[in-house]
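Peer 1: So that we are looking at the same thing, I have put the structure below in structure tokens.
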Amino acid sequence: MPTDGWKNDKLLLLVVLCGIAVILLLVVLTISILLVDEQRKKFRRLSLTDSMTGLLNRNGFNLQMEEYLEGNKQKNCVGILLDVDNFKFINDVYGHTIGDQVLLQLSQSLVQAFPDNSIIARNGGDEFCIILKDCSAEEAAPMIDAFSKASRSFSAKGVEHNYSISLGYAEYPANAEKVSDILRYADIALYEVKLQGKHGALAYRPDFHNSKRTQLGFSLSDISDNLPGAFFIYRSEKEDERILYANQEMLQLTGCTDLDDFMHFTKH
């Protein structure tokens with residue numbers, strides 16, 4: 001056989017082997033890129049997700065809220081802030097494992113109770129925040145009230161124990177000029193719920209003052225439950241006249257269902 005034939009065969013074989021090597025290299029590079037991209041996405045998800053509940057964490061909440069606002073600046077939305085009443089007591093008495101079960105149970109009920117397009121996050125500890133898209137506080141009120149009043153319990157050593165939540169909410173743009181401020185107003189409303197005895201929901205009102213707050217460890221209802229008779233607490237400052245609290249006996253005496261109802265009653 002001619003020498004040139006062997007040379008051509010060797011050259012062809014070399015080209016084929018080089019081609020196979022290039023293909024294998026491209027396959028390896030493609031797989032590596034895909035793996036790196038998958039890892040990057042995984043780490044990003046972890047950085048935006050609460051590891052215990054699977055909900056968004058505060059970073060994820062802020063990111064999704066900013067993305068929503070970019071294309072929906074003119075639309076209404078409702079911001080909600082809620083927490084578990086006496087959660088520290090649950091942790092201290094029944095243990096952190098039970099406390100975690102309460103948070104997990106609450107997070108699952110949030111997902112079930114609110115629309116699929118809602119932005120729901122664990123803000124840290126026992127606090128959760130929610131954005132209800134494309135709705136007003138008035139439209140959201142029945143859903144929010146029903147959620148706040150729903151019965152809840154956890155099991156510890158075979159015994160069922162009830163627990164409750166407190167919830168404050170505010171509307172953009174009716175209450176907040178910027179959506180980034182909406183949770184601040186929701187927090188003010190939440191604080192009012194705590195003052196009024198916990199276990200309830202209130203929409204923000206301008207007469208809820210954002211004054212310096214002190215964590216007392218108890219609410220007015222905790223005190224009033226041990227005092228006889230009907231009474232209410234009234235602030236009579238010149239520039240700030242308003243009813244701060246009415247105990248359960250006063251509500252029953254006037255036929256009112258809650259403090260909001262009592263305030264409306266006293267205005268007539």
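The values are calculated or read from the model by the stated rules, or taken from the named source; none is laboratory data. Bear in mind that the values here come from a model prediction, so they are computed numbers and not experimental data. Reconstructed Cβ throughout: ideal geometry from the backbone, glycine too, with neighbour counts over all protein chains shown.
Peer 1: If residue 173 satisfies all but one of (1) surrounded by fewer than 23 Cβ atoms within 10 Å (Cβ to Cβ); (2) touching a Lys or Arg at 6+ places or on another chain (Cβ under 7 Å), what's the number of the condition it fails?
Peer 2: Residue 173 satisfies all of (1) surrounded by fewer than 23 Cβ atoms within 10 Å (Cβ to Cβ); (2) touching a Lys or Arg at 6+ places or on another chain (Cβ under 7 Å) except (2).
Peer 1: Starting from the range 191-212, take each residue that is part of a helix (DSSP H, G or I) and list its partners that are at pLDDT below 80, counting only C-beta distances under 7 angstrom and pairs at least six apart or across chains.
Peer 2: As it stands, the answer is 191/213; 194/219; 195/219; 195/220; 195/245, since those pairs meet every condition given.
Peer 1: Here is a check on your reading of the model: is residue 261 modelled with pLDDT under 65 and in a helix (DSSP H, G or I)?
Peer 2: Considered against the rule, which asks whether it is modelled with pLDDT under 65 and in a helix (DSSP H, G or I), residue 261 comes out as no.
Peer 1: Specify the residue that is nearest to residue 75 (Cα to Cα); the eligible residues are those in the range 114-144 that are of a type in the set (S, T, N, Q) and surrounded by 12 or more Cβ atoms within 10 Å (Cβ to Cβ).
Peer 2: Per the stated criteria, the residue is 136.
Peer 1: Also, quick follow-up: Test residue 206 against the criterion of being over 18 Å from the mean Cα position of the chain (by Cα) and under 21 Å from residue 72 (Cβ atoms), and give yes or no.
Peer 2: Values: over 18 Å from the mean Cα position of the chain (by Cα): yes; under 21 Å from residue 72 (Cβ atoms): no.
Taking the combined requirement at face value, the residue does not satisfy it.
Peer 1: Would the range 30-42 turn up any residue that is modelled with pLDDT of 80 or more and over 30 Å from residue 131 (Cβ atoms)?
Peer 2: Among the residues of the range 30-42, not one is modelled with pLDDT of 80 or more and over 30 Å from residue 131 (Cβ atoms), which makes the answer no.
Peer 1: Give the residue, chosen from 91, 76, that is polar (S, T, N, Q) and either within 17 Å of residue 199 (Cα to Cα) or out of contact with any Phe, Trp or Tyr (no Cβ under 8 Å at 6 or more places or on another chain) (or both). So that I can check it myself, show each step before the final result.
Peer 2: Details: 76 fails: either within 17 Å of residue 199 (Cα to Cα) or out of contact with any Phe, Trp or Tyr (no Cβ under 8 Å at 6 or more places or on another chain) (or both).
Of the residues listed, the single one that is polar (S, T, N, Q) and either within 17 Å of residue 199 (Cα to Cα) or out of contact with any Phe, Trp or Tyr (no Cβ under 8 Å at 6 or more places or on another chain) (or both) is 91.
Peer 1: Starting from residues that are in contact with an Asp or Glu (Cβ under 7 Å, 6 or more places away or on another chain) and in contact (Cβ under 8 Å) with a residue 40 or more places away in the chain, keep the ones in the range 129-159 and report whichever is farthest from residue 98 (Cα to Cα).
Peer 2: Narrowing the range 129-159 to residues in contact with an Asp or Glu (Cβ under 7 Å, 6 or more places away or on another chain): 136-137, 153.
If we keep only those that are in contact (Cβ under 8 Å) with a residue 40 or more places away in the chain too, we end up with 136-137.
Values: 136: 35, 137: 33 Å.
Here the residue is 136.
Peer 1: Filter the range 77-109 down to the residues that are within 20 Å of the chain's Cα centre (by Cα) and hydroxyl-bearing (Ser, Thr, Tyr) and list them by number.
Peer 2: Matches in the range 77-109: 107, 109.
Peer 1: Give the residue, chosen from 144, 188, that is at pLDDT 95 or above and assigned to a helix (DSSP H, G or I).
Peer 2: The conditions single out 144.
Peer 1: On to the next question. Residue by residue through the range 160-185, note down the ones that are of a type in the set (S, T, N, Q), outside any helix (DSSP H, G or I) and either within 23 Å of residue 103 (Cα to Cα) or under 17 Å from the mean Cα position of the chain (by Cα) (or both).
Peer 2: Of everything in the range 160-185, those that are of a type in the set (S, T, N, Q), outside any helix (DSSP H, G or I) and either within 23 Å of residue 103 (Cα to Cα) or under 17 Å from the mean Cα position of the chain (by Cα) (or both) turn out to be 162, 164, 166.
Peer 1: Sticking with this structure for a sec: Could you grab me the full set of residues in the range 145-166 that are of a type in the set (A, V, I, L, M, F, W, C) and surrounded by fewer than 12 Cβ atoms within 10 Å (Cβ to Cβ)?
Peer 2: Within the range 145-166, 146, 150, 159 meet the criteria.
Peer 1: May I pose another question? How many residues does the range 83-104 contain that are exposed (fewer than 15 other Cβ atoms within 10 Å of the Cβ), part of a helix (DSSP H, G or I) and not hydrophobic (A, V, I, L, M, F, W, C)?
Peer 2: Final tally of qualifying residues: 5.
Peer 1: Could you tell me which numbered condition residue 74 fails, if it satisfies all but one of (1) within 13 Å of the chain's Cα centre (by Cα); (2) without any contact (Cβ under 8 Å) to a residue 60 or more places away in the chain?
Peer 2: With respect to (1) within 13 Å of the chain's Cα centre (by Cα); (2) without any contact (Cβ under 8 Å) to a residue 60 or more places away in the chain, residue 74 is out only on (1).
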